[in-house]
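Report on one structure; see the data block that follows.
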Amino acid sequence: MVSVAVILVALGAAYALLRAKMPATHVGGSFRTYARFRDGSRLALGSPVEIAGVRIGEVKKLTIEGTFARVDLVLLDSTDIPADSWITKRAESAFGDSYLEIIPQNGDLARQLKTGEPIIHVIEGGSTDTALRALARTMPKLDHGLDNIHDFALVTRKWASGPFEDAIVGADRWLQDGHIEGPIAATDHAMETMARGTERARDAVAEARPDVNQWFERTNRSIMNARRQMAAVRTGIHDGLASTRDGIDKIEPTIDQIHDVVAAVDEGRGDDGKGKLGRLINDPELGETIDDVSDGGVSAAHSLDPFKSWLGVRAEWNVFAATSRIYVTAELEGHNDKFYLIEGSKGGEGSLPQDQLDEVLNAEQYNRSTEISEGVRFTFELGKRFGPLRLRGGLKESTFGLGSDLLLNSGRLKLSADVFGGFSYTPRVKLAAALQVFKLVYISAGADDVLNKPGYLPIESGNLTQPSYFNKLRYGRDYFVGAELRVTDEDFGAMVRIYGSMLAALLL
């Protein structure tokens, strides 16, 4: 009995000692506050609340407030917490429960938090659940990305074993046919001819040196003669001006008569055409109408500044295919030698062809079918001018293309070359020359699809009846002639002023 009594007394003393060293968080009148967290996981009722590792309270209540988790805390009454303190959630281990830590700010200088007020500044602490939920939200996106990569690989594999392989085979066949050797040989021959011409020019310059010296002597003598003639001309001009002054004195009576006629027209006097002409000139409504039309034309012409623009309509006729093409062109050129070419074309070639490969049953080959619909092809190219040479690139007849223009004789002769996508695997090369025959009219000629041999393809019509020229389609090299009407912005402004005024006068 004595031993049991001694043990009970020792246990009671140990419990009293431990109880004295633990903070009391359940005393009456305790300090209460709360905080709002976006993630309240791993927090439980009774979870510790610490400052610098010292427990000062515990979690009293967990509720939902809107989209936040509201955590109500019970702290010791003696705890002083600045109002701008921070609170964060921490965990002792990866899978253990979390506890809350308050981080005071500014010490004794800040306002102290009162009971019932919230802790506003919250630091969302990391947790294993948060990381796992983020990983769970990310996995479907990764699966979708892997599916897209798989689909792209399948499409790429199909394209590589189909059209790409055919393009490689066609390019190899084109090289084996000798299309490269011929241009290289022609270029080599041209370089040799240029070298021989350079040598002849050098010899001609050496031989012409004595003649050049004699020419300079003759030029010097001609300048001296010109100076003497200019002195004589100055004397003649002085005498002519004196004679002109005498003639002006003689025509003053005639000028007075003209002044009387103009006054009669302005006042509308007389029964003949002078009265009608004066009334027409002094009509304010007609004058305002003509001014409005002229101002509108000037504004339309000046609206293209700072560009210089050309508008044109061109028609071409293919000689062997016996088909025509119509082009509507707009060209804008800036002050920094940049320009834009916008063009729409429609012809017998239709819109951009649509190719399809069909596998032949019981055979390791494919049938290629091409569908061409009637439509318009568009061109939009950006270019740069280097003196008489212009380089351009961009969209050419609804395919990617490059081109160049060489302007000779102040633009009256234009040589053009274009490379862009065509009906065959070989690029389509078009060479053209345009010559100005009138101010606004040009004639043109050239060769189209130069690198491809000409041929015909049958057109499958099924049971339909169509005209005979739809039975086959010509492709490859062909020659064309054409004509173009080209108008500048100055011409357009002048036409608006003149014809607009005439139209207004006729309507009135």
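The values are calculated or read from the model by the stated rules, or taken from the named source; none is laboratory data. All figures in this text were calculated on a predicted structure; none of them were measured in a lab. Here the Cβ is made from the backbone with ideal geometry for all residues, glycine too, and neighbour counts use every protein chain on show.
Just need a number here: residues in region 397-432 that are of a type in the set (A, V, I, L, M, F, W, C) and either surrounded by fewer than 15 Cβ atoms within 10 Å (Cβ to Cβ) or more than 17 Å from GLU343 (Cβ to Cβ) (or both). If you could, list the steps in order and put the result at the bottom.
Applying the first criterion (of a type in the set (A, V, I, L, M, F, W, C)) to region 397-432 yields 400, 402, 406-408, 413, 415, 417, 419-420, 423, 429, 431-432.
Remaining after also requiring either surrounded by fewer than 15 Cβ atoms within 10 Å (Cβ to Cβ) or more than 17 Å from GLU343 (Cβ to Cβ) (or both): 400, 406-408, 413, 415, 423, 429, 431.
So the answer is 9.
Can you pull out the residues in region 432-452 that are out of contact with any Ser or Thr (no Cβ under 7 Å at 6 or more places or on another chain), closer than 14 Å to VAL419 by Cα and in contact (Cβ under 8 Å) with a residue 60 or more places away in the chain?
Of everything in region 432-452, just one residue is out of contact with any Ser or Thr (no Cβ under 7 Å at 6 or more places or on another chain), closer than 14 Å to VAL419 by Cα and in contact (Cβ under 8 Å) with a residue 60 or more places away in the chain, namely ASP448.
Please go through region 433-445 and pick out each residue that is small (Gly, Ala, Ser) and surrounded by fewer than 18 Cβ atoms within 10 Å (Cβ to Cβ).
First, the residues of region 433-445 that are small (Gly, Ala, Ser): 433-434, 444-445.
Result: ALA433, ALA445.
From the list ILE168, ILE149, which one is assigned to a helix (DSSP H, G or I), surrounded by 11 or more Cβ atoms within 10 Å (Cβ to Cβ), within 33 Å of the chain's Cα centre (by Cα) and not acidic (Asp, Glu)?
Values: ILE149 fails: surrounded by 11 or more Cβ atoms within 10 Å (Cβ to Cβ).
After ruling out the rest, the residue left standing is ILE168.
Starting from region 87-115, take each residue that is under 16 Å from ALA44 (Cβ atoms) and assigned to a loop (DSSP other than H, G, I, E, B) and list its partners that are of a type in the set (A, V, I, L, M) and at pLDDT below 90, counting only C-beta distances under 9 angstrom and pairs at least six apart or across chains.
ASP97/LEU43; ASP97/ALA44; ASP97/ALA91
Out of ARG412, ARG385, ARG390, ARG377, I need the residue that is touching a Gly at 6+ places or on another chain (Cβ under 6 Å) and within 26 Å of VAL487 (Cβ to Cβ). Which one? Before you say what the answer is, go through the steps one by one.
Values: ARG412 fails: touching a Gly at 6+ places or on another chain (Cβ under 6 Å); ARG385 fails: touching a Gly at 6+ places or on another chain (Cβ under 6 Å); ARG377 fails: touching a Gly at 6+ places or on another chain (Cβ under 6 Å).
Of ARG412, ARG385, ARG390, ARG377, the one residue that is touching a Gly at 6+ places or on another chain (Cβ under 6 Å) and within 26 Å of VAL487 (Cβ to Cβ) is ARG390.
Looking at region 29-44, can you tell me whether even one residue there is under 26 Å from ARG111 (Cβ atoms), at pLDDT below 85 and assigned to a loop (DSSP other than H, G, I, E, B)?
Yes, region 29-44 has at least one match.
Residues in region 62-92 that are more than 18 Å from ALA52 (Cα to Cα) and among the polar types (S, T, N, Q): how many?
The initial filter retains those residues of region 62-92 that are more than 18 Å from ALA52 (Cα to Cα), namely 62-72.
Then drop every residue that is not among the polar types (S, T, N, Q), which leaves 63, 67.
Qualifying residue count for the region: 2.
Is it the case that THR156 is at pLDDT 85 or above, of a type in the set (S, T, N, Q), surrounded by 11 or more Cβ atoms within 10 Å (Cβ to Cβ) and not assigned by TED's automatic domain parsing to the domain that holds ARG36? Write out each step before concluding.
Values: at pLDDT 85 or above: yes; of a type in the set (S, T, N, Q): yes; surrounded by 11 or more Cβ atoms within 10 Å (Cβ to Cβ): yes; not assigned by TED's automatic domain parsing to the domain that holds ARG36: yes.
Answer is yes for this residue.
Here is a list of conditions, (1) more than 20 Å from VAL419 (Cα to Cα); (2) touching a Phe, Trp or Tyr at 6+ places or on another chain (Cβ under 6 Å), and ILE342 meets all of them except one; can you say which number that is?
Here ILE342 meets the rest and fails (1).
Test of understanding: among LEU352, LEU357, LEU311, which residue is outside any loop (DSSP other than H, G, I, E, B), within 19 Å of GLY422 (Cβ to Cβ) and at pLDDT 60 or above? Full working, then the answer.
Numbers: LEU352 fails: outside any loop (DSSP other than H, G, I, E, B); LEU311 fails: within 19 Å of GLY422 (Cβ to Cβ).
Answer to the selection: LEU357.
Could you please give the count of residues in region 172-195 that are in contact (Cβ under 8 Å) with a residue 12 or more places away in the chain and among the β-branched types (Val, Ile, Thr)? Show your work before the answer.
So the first thing to find is which residues in region 172-195 are in contact (Cβ under 8 Å) with a residue 12 or more places away in the chain, and the list is 174, 179.
Remaining after also requiring among the β-branched types (Val, Ile, Thr): none.
Of the residues in that region, 0 qualify.
Would you mention how many residues in region 406-431 are in contact with a Pro (Cβ under 9 Å, 6 or more places away or on another chain) and either polar (S, T, N, Q) or not in a loop (DSSP other than H, G, I, E, B) (or both)?
5
For (1) modelled with pLDDT of 90 or more; (2) surrounded by 14 or more Cβ atoms within 10 Å (Cβ to Cβ), each residue gets a yes or a no:
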| site | (1), (2) |
| --- | --- |
| SER93 | no, no |
| SER98 | no, yes |
| GLU101 | yes, yes |
| ASP108 | no, no |
| LEU113 | no, yes |
| GLY125 | no, yes |
| LEU132 | no, no |
| ALA136 | no, no |
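Do we have any residue at all in region 386-405 that's closer than 20 Å to LEU440 by Cα, assigned to a strand (DSSP E or B) and at pLDDT 90 or above?
yes
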